[in-house]
1. Output the residue which, of all residues in segment 80-114 that are touching a residue at least 60 places away in the same chain (Cβ under 8 Å) and crowded, with 18+ Cβ neighbours inside 10 Å, is farthest from TRP38 (Cα to Cα).
2. Go through segment 68-77 and count every residue that is at pLDDT 75 or above and either surrounded by 14 or more Cβ atoms within 10 Å (Cβ to Cβ) or not acidic (Asp, Glu) (or both).
3. If you check SER80 against the conditions, is it modelled with pLDDT of 90 or more and over 11 Å from the mean Cα position of the chain (by Cα)?
Amino acid sequence: MGERTAASPAELRREIERLQAENRRLRSLLDAALFGGWEETRNGPVATPAKAIFDLCYVSAAHRGKSRRLPELDLPGPRSLEPFEPWLSRVESQRLRSITAAGLRYAIGRARAR
């Protein structure tokens, strides 16, 4: 194993700044306004279909905007963002809201109709 050397004050500052930025990013994923959206079942709380799809698109957006595939998604009724609007409106970051909405539009567009 290689020999470790002490980091310079500048290197330590950069690493602290990097960790603080990562901490802020991770905390944004845990926004309290986005908790909820489940139904109580005999097996415990289960996300509603709209909330489950929203969560996937939101977390994908927050994770460097990488979209996730939903190959077997079936959606009843009209294909619009309307069921997701209450959740989208709670996303504070305009950038994350926009990326999440784009992911939802993509998922809706590729879903099979029931």
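1. Filtering segment 80-114 for residues that are touching a residue at least 60 places away in the same chain (Cβ under 8 Å) and crowded, with 18+ Cβ neighbours inside 10 Å, the one farthest from TRP38 (Cα to Cα) comes out as LEU96.
2. 1
3. Taking the combined requirement at face value, the residue does not satisfy it.
The values are calculated or read from the model by the stated rules, or taken from the named source; none is laboratory data. Every value quoted in this text rests on a predicted model; they were computed, and no experiment measured them. As a convention, Cβ positions derive from the backbone with ideal geometry for all residues, glycine included, and neighbour counts pool all protein chains shown.
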